[in-house]
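Asks: Shown below is the structure under consideration.
The values are calculated or read from the model by the stated rules, or taken from the named source; none is laboratory data. A quick note: this is a predicted structure, and the numbers were derived from the prediction, not measured. Cβ sites come from the backbone with ideal geometry, for glycine too, and all protein chains shown count toward neighbours. Heads up: the accessible areas ignore ligands, DNA and RNA and are worked out on the full protein's heavy atoms, side chains in. Shrake-Rupley method; radii C 1.70, N 1.55, O 1.52, S 1.80 Å.
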Amino acid sequence: MQKVLKNNVLLTYSIKGSKFIAIGFNVKSDSEIKTIASELKKLHKKAAHVCYGALFCENNQIIKRFDDDNEPYNTAGKKILSALEENDFINSLIVVVRYKNRSLLGVGLLAKSYYNASFSLVNDKHNYELFESTIVVKITIDSYAKQSELLDLIKQYKIEIIIQNQDFWEIKIPLRLKDIFKKHFQNID
């Protein structure tokens, strides 16, 4: 099952005088990613690099983004993105802020450090929740008994009502509940 990062979860990883601060976010668009990265660059003005990896779903397509922020090619952003992909995350962004001293890590250790900081963040169960796909369904109501039955299901499963009128209801349900609702209401659109 897919997972999604909670907002503003944080982990610090240090090696040879470099400090990597991995910060996780729940995102759904490029504009959110750019805003968060920009804000973190302003907040961490003395940081050497602010790199990120992101994976989100937009218009039923998986979008992948990463930025090395002047680190050697594919040593930062792509490693962060790999940690998200390998651990089955969606709608998630990890920004890694790097503070460094004068010692150089070398390309291999640098890439491994970005990956380790990100991997540690995504593997802490307190930093994420399970992602559940939802669908919007339209249910035609033809009797008071059906309306009462629908209200009971909405209450039982804590379903979000989008539109409610005399003829039909539109509700957002977890995909896993589709068969349950189809069993009660054959006229689901």
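Asks: Quote the charge dipole size of segment 73-160 about the Cα centre in Debye, to the nearest 20; the model charges only the Cβ of Lys and Arg (+1) and of Asp and Glu (-1).
Replies: 720 debye
Asks: Another question, if that's okay. What accessible area per residue comes out for segment 59-189, rounded to a whole number of Å², with a 1.4 Å probe?
Replies: Working: 7820 Å² over 131 residues.
Here the residues of segment 59-189 average 60 Å² of exposed surface.
Asks: Using helices alone, I'd like the mean residue ellipticity at 222 nm for the chain: each DSSP H run of four-plus residues gives -39500 (n - 2.57), total over residue count, nearest 500.
Replies: Values: 5 runs with 61 residues, N = 189.
After summing the helix terms and dividing by the residues of the chain, the value is -10000 deg cm²/dmol.
Asks: Once you charge only the Cβ atoms, +1 for Lys and Arg and -1 for Asp and Glu, what is the size of the charge dipole of the chain about its Cα centre, to the nearest 20 debye?
Replies: Details: 28 positive and 22 negative charges, 217 e Å.
My answer is approximately 1040 debye.
Asks: Out of segment 93-189, which trypsin sites (Lys or Arg not before Pro) are coil in DSSP terms and have no more than 13 other C-beta atoms within 10 Å?
Replies: Passing both the DSSP loop test and the Cβ count: R102, K158.
Asks: Moving to a separate point now. Mind checking the full-extension length gain between M1 and N165? Use 0.36 nm per residue of separation minus the Cα-Cα distance, one decimal, nm. Mind dumping the intermediate values first?
Replies: Working: separation 164, 0.36 × 164 = 59.04 nm, distance 3.49 nm.
Extra length available between M1 and N165 comes to 55.6 nm.
Asks: Provide I163, I171, I135 ordered by accessible surface of protein heavy atoms (probe 1.4 Å), highest first.
Replies: Output order, biggest surface exposure first: I163, I135, I171.
Asks: Sorted from largest down, what three extents in whole angstroms do the Cα atoms of segment 1-104 have along their principal axes?
Replies: Each principal axis gives a Cα extent; for segment 1-104 these are 45, 26, 25 Å.
Asks: Here's another thing I want to ask about it. Which Cα, out of L55, Y13, A37, lies furthest along the positive dipole direction of segment 1-82 (beta carbon charges, K/R +1, D/E -1)?
Replies: Y13
Asks: If the label point is 7 Å along Cα→Cβ of K178, which residues in segment 23-63 have backbone nitrogen under 19 Å from it?
Replies: Residues 57-62 qualify, since their backbone N sits under 19 Å from the label point.
Asks: Also: Residue separation times 0.36 nm, minus the C-alpha to C-alpha distance between D124 and N8: what's the value?
Replies: Once the chain is fully extended between D124 and N8, it gains 40.4 nm.
Asks: For segment 131-189, which GluC sites (Glu not before Pro) are in a loop by DSSP, counting at most 15 other Cβ atoms within 10 Å?
Replies: Details: sites: E132, E149, E160, E170; in loops: E132.
Loop-located and lightly packed - E132.
Asks: Estimate the FRET efficiency between Y99 and K28 by the formula 1/(1 + (r/R0)^6), using the beta-carbon distance for r and 41 Å for R0, to the nearest 0.05.
Replies: Here the calculated transfer efficiency is 0.90.
Asks: Now for a different question. Taking all protein chains in place and a 1.4 Å probe, what share, in percent, of the accessible surface of segment 64-189 do carbon and sulfur account for?
Replies: 49 percent
Asks: May I ask you to rank H49, H126, H184 by accessible area, largest first, using a 1.4 Å probe over the protein chains only?
Replies: H126, H184, H49
Asks: For the chain, report the % of Cα-Cα distances exceeding 26 Å.
Replies: That tail contains 45 percent of the Cα-Cα pairs.
Asks: Starting at 0 and stepping by 10 Å, how many percent of the alpha carbon pairs of segment 79-189 end up in each bin?
Replies: 11, 31, 15, 16, 14, 9, 4, 0
Asks: Same structure again: In Å², and per residue, what accessible area does segment 12-58 have when probed at 1.4 Å with the other protein chains present?
Replies: Each residue of segment 12-58 exposes 50 Å² on average to a 1.4 Å probe.
Asks: Hey, another quick one. Suppose the chain between D88 and K16 were pulled fully straight at 0.36 nm per residue; how much longer would it get relative to their current alpha carbon spacing?
Replies: 22.9 nm
Asks: Let me ask another. Compute the Rg to Rh ratio over segment 98-149 from the alpha carbon atoms, using the Kirkwood formula for Rh, and round to two decimal places. The partial results should precede the final answer.
Replies: Details: Rg = 25.0 Å, Rh = 16.4 Å.
Computed over Cα atoms, the ratio is 1.52.
Asks: In terms of the ratio Rg/(2.2 N^0.38 Å) built on C-alpha atoms, what value belongs to segment 55-136?
Replies: Output field value: 1.23.
Asks: Compute the separation of the alpha-carbon centres of segment 62-137 and segment 10-24 and state it in Å as a whole number.
Replies: Value for the Cα centre distance between the two parts: 12 Å.
Asks: What residue among I23, A145, N101 has its Cα farthest toward the positive end of the dipole of segment 1-154, where the charges are +1 on Lys, Arg and -1 on Asp, Glu, each on the Cβ?
Replies: The residue sitting farthest along the positive end of the dipole is N101.
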